[in-house]
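Only the coordinates and a few stated rules stand behind these numbers; no lab work does. Just so it is clear, the structure is predicted and the values come from calculations on it, not from any experiment. Every residue, glycine as well, gets a Cβ built from its backbone with ideal geometry; the counts of neighbours run over all protein chains shown.
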Amino acid sequence: MSVRDILEGRLTEKEVELRGWLVTKRSSGGVQFLMIRDGTGRLQCTVHKDEVGEKIFQKTDKLTQESSLTLKGIVKVDKRAPDGYEVKVRDLQVIQLAAQDYPLSKKEHGIDFLMDWRHLWIRSSRQAAILKIRAEVIKACRDFLDEEDFTLTDSPIFTPSIVEGAATLFETPYFGDKAFLTQSGQLYVEATIAAFGKVYCFGPTFRAERSKTPRHLTEFWMVEPEMAFFSFEDNLRLQEEMVSYIVKKTLEKRSKDFEVLKRDIKPLKKVEPPFDRISYTEAIEILQKNGYSIEWGEDLGLPHERTISLKFEKPVFVHRYPARTRAFYMQPDPVDSKVALCADLMAPEGYGEIIGGSERIHDLKLLEQRIEEFGLPRKAYEWYLDLRRYGSVPHSGFGLGIERVVTWICKLKHIRETIPFPRTMTRIYP
RNA sequence: GCCGUCGUAGCUCAGCUCGGUAGAGCGGCUGGCUGUUAACCAGUCGGUCGUAGGUUCAAGUCCUACCGACGGCGCCA
């Protein structure tokens, strides 16, 4: 028996037993009002002195916030209850009387304080709603890819070498040697496509960048599909279908949580294929017309991404960035080799990039040349070059940042609330 | 890493301009209230004012350094 069952009206006038936690308690003389949370929802329970007797009433009176308890009673429909239903308590047992100094009050707290108490903060309805939506986003990613006949092939977290060369990696001892925590599983899924055709990896990734922004974590989760024989265009089509699926499923399954967050879902309902596509070159022109002093060849910062994103109602692809500024493995555009066949997907409502993807170089000679141009240690990439020696095929893939998607879908100001225990440059506790 | 703002009770903050020995609300505790909705009412507990140094008869308040947090930028998918 759960609070959800009661709120859905299935147990009215029935005797129920609930197990959960005391969210808050109010009283008015001989009646006490307990707000109980059991993981499926919240429900008001009433304890009447003249019905339960002095002993139980005293026990209830001594309950502290977040005490765990079991209670029995009858489910009643009552207009005075916050959700229309309440349980009239007959008996109550305390599992553990919580210490009286529970640090989180109903009033405001600062973010640093809340993060220090993150292990308790996740009990709050707002944080729980965000994490429920996160869980749904993850499930939608997996369901979508599984239904599209993808095979999950997870990549290692300990890696021997730098993947893209640029970003800072976390280093850790490894039996007398050094290892690095992965910053992308992409190179490894490029290997598994030759066994399975369409694959993805899904796991945590680590970046030791000293980024202090509302959209960076040092540890975050990424889903990285990789598809044999997929052209650049095929790749974009898959991305817009997947993102639309995620949004649709999340709206469908977690509408209550969006209400808790007071998230206006109208913009989300517009998310369906096809998404708009603009080239990097067009993006630069748009930005210049909007008064930015940015030249072709420069990378886009958050203000730029935001400006672009706000011009579209749906997510928008910005494609064909200058090849020089992009990763070594990206396929040059056959029409103009100055740009790469890559695209970033910008979430709407001023949120920036949520996906980065590209067609990969499948020609051995070209890849060898790029590794040299980028000054990468050739030896570390021999296995990766093997993939171009033995049955190389054109292929494409992308990486979708789970937390960035959740930040956008929930319309949050900061990414740190989208993961149960965020890791940032300055926080590793709790 | 750079720029800005901030650091006073468990929490959120006022007090700093103009130096004179610390305040509110919330939470906790005690009591009251038989339908509360961030309940309400009364009482009560609670602070070496981030740290170190300096100026001064006197520093929460002025000065310097450091530490920490937050916001923005940079780095970065």
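Numbers below:
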read-out: Paramagnetic reach from A:Glu148 (point 7 Å along Cα→Cβ, amide N under 17 Å) across region A:187-225; value: A:189-190, A:192-194, A:196-203, A:222-225
read-out: Residues whose placed amide H lies under 5 Å from that of A:Leu11, excluding near-sequence neighbours; value: none
read-out: Sequence-distant lysines (8 or more away, or on other chains) whose Cα lies within less than 24 Å of A:Lys289; value: A:Lys311, A:Lys314, A:Lys338
read-out: Region A:311-401 - Kirkwood radius from inverse mean 1/r over Cα pairs (Å); value: 14.3 Å
read-out: Segment A:Leu385-A:Arg324, length gained on full extension (0.36 nm per residue, minus Cα span); value: 19.9 nm
read-out: 3J(HN,Hα) from dihedral phi, region A:131-136, Karplus parametrisation 6.51/-1.76/1.60, rounded to Hz, x for glycine, proline; value: 6, 5, 5, 4, 4, 5
read-out: Cβ crowding within 10 Å averaged over residues, with A:190-202, A:351-363 ranked highest first; value: A:351-363, A:190-202
read-out: Full-stretch length increase - A:Asp5, A:Thr213 - with 0.36 nm per residue and alpha-carbon distance subtracted; value: 70.8 nm
read-out: Partners for A:Lys253 among lysines (Cα-Cα distance below 19 Å; same-chain residues under 8 apart left out); value: A:Lys132, A:Lys139, A:Lys262, A:Lys266, A:Lys269, A:Lys270, A:Lys411
read-out: Distance from region A:167-192 to region A:312-357 (C-alpha centre basis), Å; value: 25 Å
read-out: Karplus 3J(HN,Hα) series, Hz, for region A:238-253 with 6.51 cos²θ - 1.76 cosθ + 1.60 (x for Gly, Pro); value: 4, 4, 5, 5, 5, 5, 5, 4, 4, 5, 4, 5, 5, 4, 5, 8
read-out: Sequence ranges A:239-249, A:68-78, ranked by mean other-Cβ count within 10 angstrom, highest first; value: A:239-249, A:68-78
read-out: Relative contact order %, region A:118-418, counting alpha carbon pairs below 8 Å whose residues are six or more apart; value: 21 percent
read-out: Peptides A:260-266, A:417-423 ordered by average Cβ neighbours within 10 Å, highest first; value: A:417-423, A:260-266
read-out: Cβ charges +1 (Lys, Arg) and -1 (Asp, Glu), total dipole of chain A, debye; value: 1840 debye
read-out: Cα centroid separation, region A:4-77 to region A:404-420 (Å); value: 33 Å
read-out: Cross-link reach list, lysines versus A:Lys88, counting only Cα pairs under 17 Å and skipping chain neighbours closer than eight places; value: A:Lys14, A:Lys25, A:Lys49, A:Lys55, A:Lys59, A:Lys72, A:Lys76, A:Lys79
